Amino acid sequence: MERAAPPSTRTATGKPSFLRANAEAIAFVVMAAGLIVAPFFTYPLFLMQAMCFALFACAFNLLIGYVGLLSFGHALYFGWASYLAAHSAKVWGLTPELAILTGTATAAILGLVAGSLAIRRQGIYFAMITLALAQMMFFFALQAKFTGGEDGIQAVPRGYLFGLIDLKNEAAMYIVVLVIFLGGFLLIYRIIHSPFGEVLKAIRENEPRAISLGYKTDRYKLIAFVLSATIAGAAGATKAIVLQLASLTDVNWPMSGEVVLMSLVGGLGTIFGPVVGSFVILLMQYKLSVVGEWVLVIQGIIFVSCVLLFRRGIVGEIAARFKG
Amino acid sequence: MFEICLPVLLGGKCIPSGALFGQLLIGLINGSFYALLSLGLAVIFGMLNIINFSHGAQYMLGAFVAYLMLQYSGLGYWPALIIAPLVVGLTGVIIERVFLQWLYKLDHLYGLLLTFGLALIIEGVVRNKFGSAGLPYTMPDSLRGGQNLGFMFLPNYRAWVIVASLGVCIGTWFVIERTRLGAYLRAATENPTLVRAFGINVPVMITLTYGFGVALAAFAGVMAAPIYNVSPQMGSELIIVVFAVVVIGGMGSILGAIVTGFGLGVVEGLTKVFFPEASNTVIFVIMAIVLLVRPAGLFGRRA
């Protein structure tokens, strides 16, 4: 796969420029600050939804961008986590943090099962297997009683965080989502920059070589897969609590396609790309809701033009400009 | 009529033979479509190294071209069976020239993403024009009615679908495995540079291969039109099942794709008789089992 080289942190004089050396840290601070002030300017509900999708896209990007595995079935973890979170909050009466944990744990288990099947094949087959397994679980969701079929699980109570803080309060809910999003983001950052993450990148670049160096690549791939599914699950579970709804849309294949699109637009294999991409795509969907069905066509056009003209995505292009 | 029972271990359910053979027939019909579509995917993948995600949309397009021909020019089923694959195949040629040819040097995944985008565009445009409700397509008069075989009633049209798709599958297999043209194709799959050095125009061959694979999908779409309603989303769910079929069979072998397609259709039909609630998922479950037992697929070579 064509990939941008990591941006150089040194200027012509050989000294690292402060801006470039700390570009990621600065970008993170800007992002966090932006998300803290943003609800004063725009709808908090939109921002919360966007953060859930951004975390989902970051989790997806962990696989495609850093291990080179294209999962075309990530709706499975997002959707099933949101079902379990909604069900445990509504029927079992769990507090929101426990409901989100339940959903996340479900996604982790599903990721372990699906991942250990999918990593048995490489490349294009991996994408087809993840898609097929996700479709299978979509049919389970369609038939299972507790998911409510076409209706989904509606009117999920937001409940009281730790039994104390009422999340019907929009500000409290916003802070919870912000903490989950930033926490998940930092976790992914940590994974990528750990020795474990370096091995993942080695597998991405040249798997046979990584094997010959003595790494059990299947084990690394599986752990990465489970991590990605788990974080995607956290995003889905949080979304179920925020929107008080879990539905078939979240487990169906177009959702898997959407998260691919978000990451592709933002930039595969860049840490901030999926965040930018998901905000852009969600904003587009809001603005274009008047054109109805044409959204599908527009998404298709974006896919095609990204692949043909714009493979680095928004953040990837910006990083390349900085470097040049 | 007599009854057929499952072994007690599997629940011991009994079914009248008519229902069983009826479902077996539906299974064979579905299997025909699986076989035609996975054959097209395998042919395209062999030459282009691209998984054609828009295959389902192109199958749907075949059905729609047949529908439009009937609506606006009164051309019926038989002309549609020839013309629709040609028209859709031609759009395939254009797609290959305009989009796909730029991707051969890149990772396979970009081909998947691009054709996924094309599928969204095709499905979206058709849905905007015709709505998402299904449109009926009348069966040709020459294939109405059916035969009473004693143990079951066999509608003529269904018999025709099975025979025609078997014929096309075997014809394709013959051309690829047993003719000079097929030998060039297989050689170009292995080593395009060397084949070009022999003076064969490989890029044109690649373009036509894609056109042919797409035409196969459209052919399946025309055949499906009288059985299922013609609807924009008829291809998108089918293509995911076909992906599972391709994972099970492996794309290394043309014959493997055909056998797996028909076989899985029959298994799905039988499941519908004995475990109706599992009929949607049985192919995916088989895929999971095959991955555990034979990761390379039934007919696949280890990558």
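The values are calculated or read from the model by the stated rules, or taken from the named source; none is laboratory data. Treat the numbers as computed from the prediction; the structure is a model and nothing was measured. Don't worry about glycine lacking a Cβ; one is built from the backbone with ideal geometry, like all the others, and counts go over all protein chains shown. Only protein heavy atoms, including side chains, enter the accessible area calculation; ligands, DNA and RNA are left aside. Shrake-Rupley method; radii C 1.70, N 1.55, O 1.52, S 1.80 Å.
When the chymotrypsin sites (Phe, Trp or Tyr not before Pro) in segment B:158-221 are filtered for DSSP coil states and for at most 15 other beta-carbon atoms within 10 Å of their beta-carbon, the remaining sites are B:Phe198. When the label point is put 7 Å from the Cα of A:Asp218 along its Cα-to-beta-carbon vector, which residues of segment A:49-76 have a backbone N closer than 11 Å? It comes to no residues whatsoever. For A:Asp218, the accessible area of its heavy atoms, probed at 1.4 Å with every protein chain present, is near 80 square angstrom.
When the charge dipole of chain B is built from unit charges on Cβ atoms (+1 for Lys and Arg, -1 for Asp and Glu) and taken about the Cα centre, the candidate among B:Leu143, B:Leu103, B:Ser17 whose Cα reaches farthest toward its positive end is B:Leu103.
Apolar share of the accessible surface for segment B:146-303: 67 percent from carbon plus sulfur atoms, 1.4 Å probe. Over 23 Å between Cα atoms, which of A:Lys90/A:Lys168; A:Lys239/B:Lys129; B:Lys129/B:Lys272; A:Lys145/B:Lys272 qualify? Violating the 23 Å limit, Cα to Cα: A:Lys239/B:Lys129; B:Lys129/B:Lys272. When the helices of chain B are scored as -39500 (n - 2.57) per DSSP H run of n ≥ 4 and the total is divided over every residue, the value at 222 nm lands at -22500 deg cm²/dmol. The stretch between A:Glu170 and A:Leu45 holds 44.2 nm of extra length on full extension. This uses 0.36 nm per residue minus the Cα-Cα distance. Sorting the segments A:50-60, B:288-298 by their residues' average number of neighbouring beta-carbon atoms within 10 angstrom, most packed first, yields A:50-60, B:288-298. Given R0 = 51 Å, the distance between the Cβ atoms of B:Leu106 and B:Thr138 translates into a calculated FRET efficiency of 0.70.
Need the C-alpha centroid separation for segment B:260-282 versus segment B:181-255, integer Å. With segment B:260-282 and segment B:181-255 each reduced to a Cα centre, they are spaced 25 Å.
Scaling against 2.2 N^0.38 Å puts the C-alpha radius of gyration of the protein assembly as shown at 1.00. Only protein heavy atoms count here; under a 1.4 Å probe, A:Val91 has an accessible surface of about 100 Å². Nearest 500 deg cm²/dmol is fine: what mean residue ellipticity at 222 nm does chain A get from its DSSP H runs of n ≥ 4 alone, each adding -39,500 (n - 2.57), divided by its residue count? Calculated at 222 nm, the ellipticity per residue is -23000 deg cm²/dmol. Taking the simple approach of a point 7 Å from Cα along Cα-to-Cβ for both A:Ile109 and B:Arg186, what is their distance in nm? About 4.9 nm, to one decimal. Projecting the Cα atoms of A:Gly65, A:Thr249, A:Ala210 onto the charge dipole of chain A, computed from C-beta unit charges around the Cα centre, puts A:Ala210 farthest toward the positive end.
If only the Cβ of Lys and Arg carry +1 and only the Cβ of Asp and Glu carry -1, the dipole of chain B around its Cα centre is close to 460 debye.
Approximating the spin labels as points 7 Å out from Cα along Cα→Cβ, the B:Tyr228-to-A:Glu24 distance works out to 4.6 nm.
Distance between the pseudo-spin-label points of A:Leu288 and A:Phe146 (7 Å out from Cα toward the beta carbon): 3.7 nm. Mind jotting down the distance between the C-alpha centroids of segment A:98-164 and segment A:271-324, whole Å? Cα centroid of segment A:271-324 versus Cα centroid of segment A:98-164: 26 Å apart.
Over chain A, accessible surface divided per residue gives 42 Å², non-protein components excluded, 1.4 Å probe.
For trypsin sites (Lys or Arg not before Pro), the sites in segment A:127-222 that DSSP calls loop and that have at most 12 other Cβ atoms within 10 Å are A:Lys145, A:Lys168, A:Lys216.
Across the options A:Ala240, A:Val265, A:Ile314, the greatest Cα extent toward the positive end of the charge dipole of segment A:231-324 (unit charges at beta carbon of Lys, Arg, Asp, Glu) belongs to A:Ile314. Dipole check for segment A:31-249: with +1 at the C-beta of Lys and Arg, -1 at the C-beta of Asp and Glu, and the Cα centre as origin, the magnitude is about 460 Debye. Computed over protein heavy atoms with a 1.4 Å probe, the accessible surface of chain B works out to 42 Å² per residue. Applying 0.36 nm per residue to the separation of B:Leu75 and B:Ile15 and subtracting their alpha-carbon distance, the gain on full extension is 17.4 nm.
Among rounded, prolate and oblate, which fits segment A:31-249 when a ≥ b ≥ c are the square roots of the eigenvalues of its C-alpha gyration tensor, a/c under 1.5 means rounded, and a/b larger than b/c means prolate? Judged from the Cα gyration tensor, segment A:31-249 comes out oblate (a/c at least 1.5, b/c at or above a/b). In the elastic network of chain B, a GNM with C-alpha springs shorter than 10 Å, the most mobile of B:Tyr72, B:Tyr157, B:Tyr59 is B:Tyr72. Between B:Val125, B:Val88, B:Val245, which gets the highest mean-square fluctuation from a Gaussian network model of chain B, Cα cutoff 10 Å? Among B:Val125, B:Val88, B:Val245, the largest mean-square fluctuation in the Gaussian network model of chain B belongs to B:Val125.
Size of segment A:140-205: Rg and Dmax of its alpha carbons, in Å, are 18.9, 48.
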